[in-house]
Amino acid sequence: MFKYTVRRLLQLIPVLIGVSVLVFVGMHIIPGDVAVLLLGDKGTPEALARLREELGLNQPIYVQYFRFLADALRGDFGISLRTRQTAWWEVRQALPMTIELSLCAMSFAVIVGVPIGVLAAVKQYSLFDSISMIGVLISVSMPIFWTGLILMMIFGGRLHWFPIGGILDEGVNLQRITGIHLLDALLTGNMEAFWSAARHLVLPTIALGSVTMATLARMTRSSMLEIMHQDYVRTARAKGLSRRTVLVRHAFRNALIPVITVAGLQLGILLSGAVLTETVFALPGVGRLAITSLLARDYAVVQAVVLVAAFLIVMVNLMVDLLYAQADPRIRYE
Amino acid sequence: MQKRLIVLLSLLVVLVMALSAYAAPAPAAETQAGGEEAAAPASAAAEEGEKILVVALGADPTSLDPESVMNNESGFVMSTIFDGLTKYNKGTSEPGPGLAESWEVSEDGTEYTFKLREGVKFHDGTDFNADAALAELDRVINPDNPYYVYNQEGVHSFATFTWGLVTGTEKIDDYTIKITLSEPHAPFLASIAMVWSGMMSPAAVEKYGFDVNYNPVGTGPFKFVEWVRNDHITLEANPDYWGGAPKVDKLIFRVVPESSVRLLKLEQGEVDILADVNPEDYTRIEENADLTLLRQPGLTVNGLTMPFEAEPFTDVRVRQALNYAVNKDEMNEFLYKNAAITAATGMPPILMGYPKDLEPYPYDPEKARELLAEAGYPDGFDFTLLCYENPRGYNPVGIKMAVAIQEYLAEVGVNLKLETLEWGAFLATRRSADNQDMGMVGWSGDNGDPDNFLYEMFSTDMIPVGNTSHYSNPELDDILITARTVTDPEERAKLYEQAATIIHDDAPWLFVNHTLQVRATRANVDGFALNPLQMFWYMEDVDLK
């Protein structure tokens, strides 16, 4: 198990190098001169020349790439062209918000999606099954952007149940420790900020988590159905175990294995969904940082964001693989 | 089995915690954290009766050092924190007294002596006086200063634009300074009123170095409290402001990227002022009694250039014919959703020196055909128009403008072939000396001085970078150069009236329109007024009823 983990961690290196090549080349083949773009209408020829020199744009692209790689290995992702902070600082500022939002969305998806899937499977072809599966189909098909706006208009605009966008109410202060608002509020015992952040997080959590919730519900349902028709489930019933015990101890646990896989894969989807959710709900996370930087051609920050995102996804996938072994005793990593 | 599960789960928790802990700056080691340090340590919710004014911005500012940044959002915030030596009179683009109470200009127009306002303090308690002003100027004109603004990688600055002609500064006494220019330059007084010329506390520069970008200390009506990236900037009232204490206790600039969400927040009362409004929403705001829509012509001009040296545009009748052939009012109404007014010349009508009786070319296709026939083109001609695609500040519809004009011109026989280039390539092509195509063109003003429009885009000196039509008229050049040296505002205004009229008659551009600046407020926001520079000046006068 330890060896396996180390091997997987070593695999991270080629993955990150591959990602860095892709993002670097991608950013640089977009047509147009960055210097002209940055200076806009006000760029004098001298200012343009100076900026090109500063950015190293006069050099061949492979030289630029290796310079970037050498710096990145030392933890230096360069300076944001937009804000002149280090790119790494920008990412560190924004990352906790995205982690908070993704964890909330994932929790929502699991807490709501898995029980729906189990119930739908247990009561296959019942009214509950039909209604929930139609609902699930609808939410999996709705674009996050649209879901977000509709939720905001109904529950924020019409019903006034939740605030519209942002993370804390005006005038509520919260000391930053981890950058995860709910956690910081608990750590500092600031319940006012906790409830403020919680109220602000409800709608974005639902908007971002609904697609994953729907995917998990469908996955759980089909996985449960498959397991429930297996011989060993019938055997367990035949030896006199209650239906409930069989469902919980024998069927559900085995049905979870594919669900864990899907949940792990969904984390990538949550990260990309965060781009839209954070934009709609005005949350200061990495997704919005990515889009702002991309539009401003802020190379350094885009590269840093993509590399960090790739790192996170690889790490989560690793954790998912390790969790398999826990859920399914037949799986062993040696 | 159970044990391993627990170990794994705790590993997961630790990893998440570690990631987020690493993701957050450790306050002690983090000098760049800026406002984070200044944040109140624990909950200090809105005190009873505290007046909080909230302004929604579409994007996060990038820096709050006036000399090191050029984007609007940063300007909006800085205009409430800083004052310059001069300050635009309320609602105008004319410079009046600011941190300098009065000034004298030498006969030859090269020496400016400023009498500074006494008793003004920066927000950190530092006195504002001749030493402070000269220390600030040193930062923008002296390359040997350790915090010279251009010593920051990739900095965008107006420093050269504003202070580039300064050859010397001198302290006359504690409250008098003299600034010497290498040549007479009348727009100087307007340039130093720009938000980008705001005076930063020298003690703050000493303390933070280049990190004053994130720790602004000025003399303005509001003091900087904290900046949470991509979320909000909090300012509090400066009760000792020399222009009068602000009427609200706190001013918050909140970043809300989605325009529909901004409007929703305004409707719900979560924000009080929208810094910019989507044209689609004008009616919805006007029909809502709780909201107010404010608009006035902005500091922009938008149109097409006609190559001055290329047939058939060497004939002024052809250039005028094209101006008659396009129904600009109709474009403004339907394409620009009433967010623009028709242009008559190369500068917006809110500026000093705009000729009051100057009317735009009316829509008259008959007249256009006559003029074309007189010029020897009864059947029109074909020509290439260089286009950019994306919306610009001075042209929010992007290439749709060119498509509309193409249709109008086709009716008088002038067939345009649209050639679309990506923005960078577009600029490079437009600015090359040998380009002889028509082109989309536009400008957003910097300092509110007519020189910044007319000299920039219509003088022979500025061919080919600013003056992309390569238009050249010696009579006009004389007027524009004289207007740079004359210091009497009335005399300057007369010169610009002449210049603007000559440009109208010579028609080197197909003048299209000036975009309006539009803002929306809650109806209970009192005392908020627009100004040509589009900045948030005079926010000390704003109150919540």
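The values are calculated or read from the model by the stated rules, or taken from the named source; none is laboratory data. In this text the structure is predicted, and so the values were computed from the model without any measurement. Positions of Cβ are backbone-derived with ideal geometry, glycine not excepted, and every protein chain shown enters the neighbour counts.
Here are a few things to note about the model shown:
Residues checked against (1) modelled with pLDDT of 90 or more; (2) loosely packed, with under 13 Cβ neighbours inside 10 Å:
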| position | (1), (2) |
| --- | --- |
| A:GLU46 | no, yes |
| A:ARG52 | no, no |
| A:ASN58 | no, yes |
| A:TYR65 | no, no |
| A:ARG74 | no, yes |
| A:ALA87 | yes, no |
| A:ALA94 | yes, no |
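- Evaluation of A:SER102 against the conditions (1) farther than 24 Å from A:ALA185 by Cβ; (2) surrounded by 18 or more Cβ atoms within 10 Å (Cβ to Cβ); (3) polar (S, T, N, Q) shows that the sole unmet condition is (1).
- Qualifying position, being in contact with a Gly (Cβ under 9 Å, 6 or more places away or on another chain) and farther than 30 Å from A:MET315 by Cβ, among A:GLY273, A:GLY156, A:GLY209, A:GLY171: A:GLY156
- Filter result for B:ARG229 (facing chain A (nearest Cβ under 7 Å), surrounded by 21 or more Cβ atoms within 10 Å (Cβ to Cβ) and either within 24 Å of the chain's Cα centre (by Cα) or small (Gly, Ala, Ser) (or both)): yes
- Only one of A:ARG330, A:ARG249, A:ARG243, A:ARG234 that is basic (Lys, Arg), within 14 Å of chain B (Cβ to nearest Cβ) and over 28 Å from B:ASN71 (Cβ atoms): A:ARG330
- Residue identified as out of contact with any Phe, Trp or Tyr (no Cβ under 6 Å at 6 or more places or on another chain), in contact (Cβ under 8 Å) with a residue 24 or more places away in the chain and within 14 Å of another protein chain (Cβ to nearest Cβ) among A:ARG82, A:ARG52: A:ARG82
- Pairs, first more than 20 Å from B:PRO391 (Cβ to Cβ) and aromatic (Phe, Trp, Tyr) in the range A:286-302, second in a helix (DSSP H, G or I) and modelled with pLDDT of 90 or more, C-beta under 8 Å, six or more apart: none
- Every condition in (1) out of contact with any Pro (no Cβ under 7 Å at 6 or more places or on another chain); (2) surrounded by 14 or more Cβ atoms within 10 Å (Cβ to Cβ) holds for B:GLY119 except the one numbered (2).
- Qualifying positions in the range B:58-86 - surrounded by 24 or more Cβ atoms within 10 Å (Cβ to Cβ), closer than 20 Å to B:GLY527 by Cβ and in contact with a strand residue (DSSP E or B) (Cβ under 8 Å, 6 or more places away or on another chain): B:VAL77, B:THR80, B:ILE81
- Residue in the range B:364-375 that is farther than 13 Å from B:VAL318 by Cα and in contact (Cβ under 8 Å) with a residue 12 or more places away in the chain present: yes
- Test: residue in the range B:433-448 that is part of a helix (DSSP H, G or I) and either among the acidic types (Asp, Glu) or within 14 Å of another protein chain (Cβ to nearest Cβ) (or both): no
- Pick from the range B:108-162, criterion assigned to a loop (DSSP other than H, G, I, E, B) and of a type in the set (D, E, K, R), ranking: farthest from the other protein chains (Cβ to nearest Cβ): B:GLU118
Conditions tested, residue by residue: (1) closer than 30 Å to A:ILE13 by Cβ; (2) within 14 Å of chain B (Cβ to nearest Cβ); (3) free of Cβ contacts under 8 Å to residues at least 60 places away in the same chain; (4) not charged (D, E, K, R).
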residue	(1), (2), (3), (4)
A:LEU73	yes, no, yes, yes
A:VAL112	no, no, no, yes
A:GLY117	no, no, no, yes
A:LEU151	no, yes, yes, yes
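- Verdict on B:THR169 being more than 14 Å from every other protein chain (Cβ to nearest Cβ), in a strand (DSSP E or B) and in contact with a helix residue (DSSP H, G or I) (Cβ under 7 Å, 6 or more places away or on another chain): yes
- Filter result for A:GLY273 (modelled with pLDDT of 85 or more and either within 31 Å of the chain's Cα centre (by Cα) or part of a helix (DSSP H, G or I) (or both)): yes
- Scanning the range B:66-107 for residues that are of a type in the set (S, T, N, Q), in contact with a Ser or Thr (Cβ under 8 Å, 6 or more places away or on another chain) and in a strand (DSSP E or B) yields a count of 0.
- Filter pass, B:VAL228 being in contact with a strand residue (DSSP E or B) (Cβ under 6 Å, 6 or more places away or on another chain) and in contact (Cβ under 8 Å) with a residue 60 or more places away in the chain: no
- Meets criteria (of a type in the set (D, E, K, R), more than 24 Å from B:TRP227 (Cα to Cα) and either within 10 Å of chain B (Cβ to nearest Cβ) or within 27 Å of the chain's Cα centre (by Cα) (or both)) for A:ARG218: yes
- Residues located in the range B:232-243, provided they are crowded, with 22+ Cβ neighbours inside 10 Å, more than 11 Å from chain A (Cβ to nearest Cβ) and not in a loop (DSSP other than H, G, I, E, B): B:ILE233, B:LEU235
- Among the candidates A:LEU270, A:LEU283, residue that is more than 13 Å from chain B (Cβ to nearest Cβ), under 24 Å from A:THR147 (Cβ atoms) and touching a Ser or Thr at 6+ places or on another chain (Cβ under 9 Å): A:LEU270
- Among the residues making up the range A:220-246, those that are surrounded by 13 or more Cβ atoms within 10 Å (Cβ to Cβ) and outside any helix (DSSP H, G or I) are A:GLN230, A:LEU241.
- Test result for B:THR460, surrounded by fewer than 17 Cβ atoms within 10 Å (Cβ to Cβ) and polar (S, T, N, Q): yes
- Of all residues in the range B:415-430, those that are on the phi < 0 side of the Ramachandran plot and modelled with pLDDT under 95 have Cβ atoms under 6 Å from Cβ atoms of residues that are in a loop (DSSP other than H, G, I, E, B) and of a type in the set (Ser, Thr, Tyr), 6 or more apart or on another chain, in B:TRP423/B:TYR388; B:PHE426/B:TYR388; B:ARG430/B:THR468.
- All conditions in (1) assigned to a helix (DSSP H, G or I); (2) more than 9 Å from chain B (Cβ to nearest Cβ) hold for A:ALA193, with the sole exception of (2).
- Every residue from the range B:379-411 that is out of contact with any Gly (no Cβ under 6 Å at 6 or more places or on another chain), in contact (Cβ under 8 Å) with a residue 24 or more places away in the chain and more than 29 Å from B:GLN534 (Cα to Cα): B:PHE381, B:ASP382, B:PHE383, B:THR384, B:LEU385, B:TYR408, B:LEU409, B:GLU411
- Test: residue in the range B:244-261 that is without any contact (Cβ under 8 Å) to a residue 60 or more places away in the chain, within 11 Å of chain A (Cβ to nearest Cβ) and surrounded by 23 or more Cβ atoms within 10 Å (Cβ to Cβ): yes
- Here the range A:119-149 is the region considered, the condition is being of a type in the set (Phe, Trp, Tyr) and surrounded by fewer than 16 Cβ atoms within 10 Å (Cβ to Cβ), and the residue that is nearest to the other protein chains (Cβ to nearest Cβ) is A:TRP146.
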